[in-house]
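S.K.: I'd like to ask some things about the structure below.
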Amino acid sequence: MEQANKIALVTGGARGIGRGISEYLAARGFTVAAVGTRPQSDAAEFLSALRAASPDSCYISGDISKADDRIRIVDEVLDRYGALDVLVNNAGVAPTVRADLLEMSEESLDRLLSINLKGTFFLTQYAARRMLEKKTDEFRAIITITSISADTSSINRGEYCMSKAALSMMTKLFADELAPHGIRVYEVRPGIIATDMTAGVLDKYSRMIENGLLPIKKMGAPEDVAKVVYALASGLHAYTTGDSYSADGGFYLKRL
Ligand SMILES: NC(=O)c1ccc[n+]([C@@H]2O[C@H](COP(=O)([O-])OP(=O)(O)OC[C@H]3O[C@@H](n4cnc5c(N)ncnc54)[C@H](OP(=O)(O)O)[C@@H]3O)[C@@H](O)[C@H]2O)c1
């Protein structure tokens, strides 16, 4: 289902899962504005690959934990394209140190909540306000990438789990708020996906998967998440809102 003239803003869209999402959407007709913290000059290779599929797509350098940047990012998309059809909240960070719950520092909790939760919440709030300025019957959606950590305990990165659990509730709140305005709001929960974020624990997770953690015995790729996002962004689940969709190798399957 080709999505001509649809504009998607993907935070953290130039690396890892976000890059997978940006490229998958761009290859299927979306014009993509990908956001990352790195300067424009560091995103040249990514941008030329993206533009090969979708020539009007762009990269915006910005930090979603900063209020001014959030406004600038959304305004730039609307100024450039005149519309915002799909917001994909993908940007997120893991703790720099995996510390036990009893040792977690206030700084680490502040950092995780500031980027993952506060940054995503207020970006969504501002984007939603701007989207509501335009009255349209076109399909529009806000999709937030959470994690199986939204409801799975990892006591060595509790601040990450708490930030993702809060984003899961954020999805429901915006779904409720925006349903009367025709904007669908979804959560996508990846499992273990091979990116820079999991590079340091690759061996550990590979062993766990080999030993039966997942019924589908392999680590996911960014494209596995991108396919779920694409289905939601294209309106293939348009008669739902506030729901969570997994891309996790069957992590939640109960087995005996
Ligand atoms: N990998 C997994 O197994 C996994 C599993 C479940 C959920 N997730 C979630 O999926 C999302 C993407 O993860 P990933 O594995 O692709 O991570 P990643 O490779 O570390 O990439 C993170 C992305 O987020 C961007 N970002 C970080 N802080 C930002 C900020 N303050 N403002 C704007 N952008 C920011 C980064 O921008 P730069 O490129 O500029 O650094 C980068 O593009 C995250 O929300 C993560 O929690 C990942």
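S.K.: Do any GluC sites (Glu not before Pro) in region 118-196 lie in a loop, going by DSSP, with at most 15 other beta-carbon atoms within 10 Å of their beta carbon, and if so which?
M.R.: Counting only loop positions with at most 15 other Cβ atoms within 10 Å, the GluC sites (Glu not before Pro) in region 118-196 are Glu133, Glu138.
S.K.: A follow-up question, please. Each residue of region 129-143 in order: what ³J(HN,Hα) in whole Hz does its phi give by Karplus 6.51 cos²θ - 1.76 cosθ + 1.60, θ = phi - 60°, with x for Gly and Pro?
M.R.: 4, 5, 5, 6, 5, 9, 8, 7, 9, 4, 5, 9, 8, 10, 10
S.K.: If you don't mind, there's one more thing I want to ask. Kindly write out, for region 76-89 in residue order, the coupling ³J(HN,Hα) from the Karplus curve 6.51 cos²θ - 1.76 cosθ + 1.60 (θ = phi - 60°), rounded to whole Hz, with x marking Gly and Pro.
M.R.: For region 76-89, the Karplus-derived couplings read 4, 5, 5, 5, 6, 10, x, 7, 9, 9, 9, 9, 10, 7 Hz, x marking Gly and Pro.
S.K.: Still on this structure, I have one more. If you build a Gaussian network model of the chain, linking Cα atoms that sit under 10 Å apart, which residue out of Gly119, Gly82, Gly29 swings the most?
M.R.: Gly82
S.K.: Further, regarding this structure: Taking Cα pairs under 8 Å and at least six residues apart, what relative contact order does region 2-108 come out at, in percent?
M.R.: 31 percent
S.K.: Let me know the volume per residue of the alpha-carbon convex hull for region 198-251, in Å³.
M.R.: 90 Å³
S.K.: Return the long-range amide H neighbours of Ile143 (sequence gap of 5 or more, or a different chain), with a cut-off of under 5 Å between placed amide H atoms.
M.R.: Placed amide hydrogens put Leu87, Val88, Asn89, Tyr186 under 5 Å from Ile143.
S.K.: I would also like to ask the following. Could you point to the residue in Tyr205, Ser168, Thr96 farthest towards the positive end of region 7-245's charge dipole, with +1 and -1 charges on the Cβ of Lys/Arg and Asp/Glu respectively?
M.R.: Tyr205
S.K.: Can you give me the P(r) profile for region 7-245? Cα pairs, bins 5 angstrom wide beginning at 0, each as a whole percent.
M.R.: Cα pair-distance distribution for region 7-245, in percent: 1, 7, 14, 18, 21, 17, 12, 6, 3, 1, 0.
S.K.: If you don't mind, another one. Taking only C-alpha pairs under 8 Å that are 6+ residues apart, what is the relative contact order of region 7-245 in percent?
M.R.: Over region 7-245, the number comes to 21 percent.
S.K.: In addition: Taking the beta-carbon count within 10 Å as an exposure proxy, list Lys218, Lys164, Lys254, Lys135 from fewest neighbours to most.
M.R.: Result, fewest neighbours first: Lys254, Lys135, Lys218, Lys164.
S.K.: Quick check for me: using +1 on Lys/Arg Cβ and -1 on Asp/Glu Cβ, what's the dipole size of region 1-159 about its Cα centre, in debye to the nearest 20?
M.R.: Around 320 debye, computed over region 1-159.
S.K.: Next up: Let me confirm the definition first: pairs of Lys residues in region 7-245, 8 or more apart or on different chains, C-alpha distance under 15 Å. How many are there?
M.R.: Taking the Cα cut-off of 15 Å, the pair count is 5.
S.K.: Expressed in whole Å with the largest first, what are the equivalent ellipsoid semi-axes of region 165-256 derived from the C-alpha gyration tensor as the square root of 5 times each eigenvalue?
M.R.: They are 29, 13, 13 Å, listed largest first.
S.K.: Continuing with the same structure: Each residue of region 109-119 in turn: what ³J(HN,Hα) in whole Hz from Karplus with 6.51, -1.76, 1.60 and θ = phi - 60°, glycine and Pro shown as x?
M.R.: My calculation for region 109-119 gives 4, 4, 4, 5, 5, 5, 7, 5, 9, 5, x Hz in order.
S.K.: Based on other C-beta atoms within 10 Å, arrange Arg72, Arg255, Arg28, Arg19 from fewest to most.
M.R.: Arg255, Arg72, Arg28, Arg19
S.K.: Give me Val93, Val201, Val225, Val74 ranked fewest to most by other Cβ atoms within 10 Å of their Cβ, as a rough exposure proxy.
M.R.: Ranked by crowding around the Cβ, least crowded first: Val201, Val93, Val74, Val225.
All of the numbers you see were taken from the coordinates with simple rules; none came from a lab. What you see is a predicted model; the values in this text were computed from it and never measured. Using ideal geometry, Cβ is built from the backbone for each residue, glycine included, and neighbour counts are taken over all protein chains shown.
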